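A.B. asks: Here it is, the structure in full.
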Amino acid sequence: MKELVLVDHDGAVDDFLAVMLLLTMEHVEPVGVIVTPADCYIQPAVSATRKILDLMEKSYIPVAESSVRGINAFPYLYRRDSFAIDNFPILNQRDTYTTPLLTEPGQDFMIRALRSASEKVTLLITGPLTNLAYALDKAPDIETKIRRLIWMGGALNVPGNVEKNWESGQDGSAEWNAYWDPLAAARVWESSIEIIMCSLDITNNVPVTPEFVQKIGKQRQYDISDLAGQCYALVISQDYYAWDVLATSYLGHPEAFELKQLETEIIPTGKSQGRTKVVEKGRKIFAMDKVDKDWFYSYILEQWKR
Ligand SMILES: [Ca+2]
């Protein structure tokens, strides 16, 4: 029996790479891919997602465009990568693509996909939690259809990646996916869904280095490696990590990770808004605590040989 997985990503470089990793997993059956308009521009992000599904011969998986809005926008310099990827030559070899785009908004598709699933579904969310918060409010019955949430987000015992900013008053403690919509994260924290967090604490261990990108280049005879190398080359001049890809690799090999149970809360407003704070008697979550980084890099190299 395959594990049903509903993906919700937000259209940045590593979101596409996460999708490309997930689609290589034999034991996983994706029930759909939702794109959230957060770390992207939505039109090219949806388009690139459909082209990637076509390239990987998975065009039976529906794609849904979410129309939710966040509170704190991602910088446009991050978001515009979605235009570059949508125009990569390898994704534009055909005149038309066949992966369907649903007419209903992604947040409503989340409800329908969970309700109609034959068994419990794992949510893999590599962006903000806004669709899930919406779905929980609008259709509380879906909570029992969620097997668990694997989420790339949060910063527990390390600084966030939203910069300290005198203008907005942010104190630098928040991670972007939580910061985009802190109220949504707080809503999900009120649920009893099992949460497995891939926070900055662990993703700080998996930088994307030129050495690694060049290793991908050596296997570019494989289409997916070629695409992955192009994606990473686009961001190599930034301080970049395999955030969403690491979160996704947990689905492939959970035994490669050590989890730690922590008690946490979400700071919903103010200068620490979006902080995922470790507190006594807080909401219990599992944090990915340790991973063998050599294993991780070789795993994704191997999976992308196709
Ligand atoms: Ca993301």
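Each value in this text was obtained by applying a stated rule to the coordinates, not by laboratory testing. Keep in mind the model is a prediction, meaning the values are calculated, not measured. Reconstructed Cβ throughout: ideal geometry from the backbone, glycine too, with neighbour counts over all protein chains shown.
A.B. asks: Beta carbons within 10 angstrom, averaged per residue: use that to sort the peptides 171-180, 6-15, 224-233, highest first.
C.D. replies: Per-residue mean Cβ counts within 10 Å order the peptides as 6-15, 171-180, 224-233.
A.B. asks: Using alpha-carbon pairs under 8 Å, 6+ residues apart, how would you state the relative contact order of the chain in percent?
C.D. replies: Value for the chain: 19 percent.
A.B. asks: Longer than 23 Å from Cα to Cα, which of 51/145; 51/290; 51/305; 120/277 are they? Say none if no pair is.
C.D. replies: 51/145; 51/290; 120/277
A.B. asks: Of 260/284; 2/284; 260/281, which sit over 18 Å apart, Cα to Cα?
C.D. replies: With Cα atoms farther than 18 Å apart: 2/284.
A.B. asks: Another one. Say we join alpha carbon atoms closer than 10 Å with springs in a Gaussian network model of the chain; which of 240, 134, 76 then has the biggest fluctuation?
C.D. replies: Checking each option, the largest mean-square fluctuation is seen for 76.
A.B. asks: Would you mind pulling out the separation of the Cα centroids of the stretch 243-265 and the stretch 267-305, in Å?
C.D. replies: For the stretch 243-265 versus the stretch 267-305, the Cα centre distance is 6 Å.
A.B. asks: For the chain, what are the DSSP H helices with axial Cα length of 18 Å or more and mean Kyte-Doolittle hydropathy of at least -0.5?
C.D. replies: Helices passing the filter in the chain: 42-55, 223-235.
A.B. asks: Please give the charge dipole size of the chain, origin at the Cα centre, charges +1 on K and R Cβ atoms and -1 on D and E Cβ atoms. Round to the nearest 20 debye.
C.D. replies: The calculation lands at about 160 debye.
A.B. asks: Taking springs between alpha-carbon atoms closer than 10 angstrom, which of 270, 32, 217 fluctuates most in the Gaussian network model of the chain?
C.D. replies: So, out of 270, 32, 217, the one fluctuating most is 270.
A.B. asks: Kindly provide the helix-only [θ] at 222 nm of the chain, computed as the sum of -39,500 (n - 2.57) over DSSP H runs of four or more divided by all residues, to the nearest 500 deg cm²/dmol?
C.D. replies: -10500 deg cm²/dmol
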